[in-house]
Amino acid sequence: IAPIDPERIHKAKQRDLDKVLRDSVGQKRQWELLARTDDDLYVEPLLWAGISVARSGAGMAIVGSYDEVAGRLFEYVELGVSVFILSGYPHLEECERVAEHVVPRVRALVGRNGQR
């Protein structure tokens, strides 16, 4: 999904929030964040909003090496997030990679910092 048509990106960033959002708080926040991304669709380091341009629905992608992704997830844990909905492409293969490489790293970081 990496090569996204620049025109599609431009249109996504220009959407009229009132017309698109309706009652979805998640979708509203998604479009607000997308509107302030950099040229490569990053909201902040490792947090990529391009997934919302490539497919419908609210969603952000944490991208990077296994250590970087685990570190970013742990930052959210430290902020109080306790549940994540993790997915990727292709679905089964990404599920296996996350289970094997990311989840153990996050658990190790949580354990080292005395959290449950």
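Rule-based calculations on the coordinates, nothing more; no lab input. A quick note: this is a predicted structure, and the numbers were derived from the prediction, not measured. Because the Cβ atoms are built from the backbone with ideal geometry, glycine has one as well, and the counts that use them run over all protein chains shown.
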(request) For region 106-112, take each phi angle, set θ = phi - 60°, evaluate the Karplus expression 6.51 cos²θ - 1.76 cosθ + 1.60, and give the result in whole Hz per residue in order, putting x for glycine and proline. (result) 5, 4, 5, 5, 4, x, 5
(request) May I ask you to evaluate 6.51 cos²θ - 1.76 cosθ + 1.60, the Karplus curve with θ = phi - 60°, for each residue of region 90-96 and list the ³J(HN,Hα) values in order in whole Hz, giving x for glycine and proline? (result) x, 3, 5, 5, 5, 4, 5
(request) Kindly identify region 23-116 as rounded, prolate or oblate by the Cα gyration tensor criterion: order the square roots of the eigenvalues as a ≥ b ≥ c, call it rounded if a/c is under 1.5, otherwise compare a/b with b/c, prolate if a/b is larger, else oblate. (result) prolate
(message) What distance in nm separates the two pseudo spin-label positions at E100 and L47, each 7 Å out from Cα along the beta-carbon direction?
(response) 3.0 nm
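May I ask for the net charge around F74, where only other residues with Cβ less than 12 Å from the Cβ of F74 are counted and Lys, Arg are +1 while Asp, Glu are -1? Write out the running numbers ahead of the final one.
Working: positive: R72, R105, R107, R112; negative: D67, E68, E75, E78.
In short, 0.
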(request) Using θ = phi - 60° and the Karplus relation 6.51 cos²θ - 1.76 cosθ + 1.60, list the HN-Hα couplings for region 34-50 in order, rounded to whole Hz, with x at every Gly or Pro. (result) 4, 5, 10, 6, 7, 4, 9, 6, 8, 7, 7, x, 6, 9, 9, 8, x
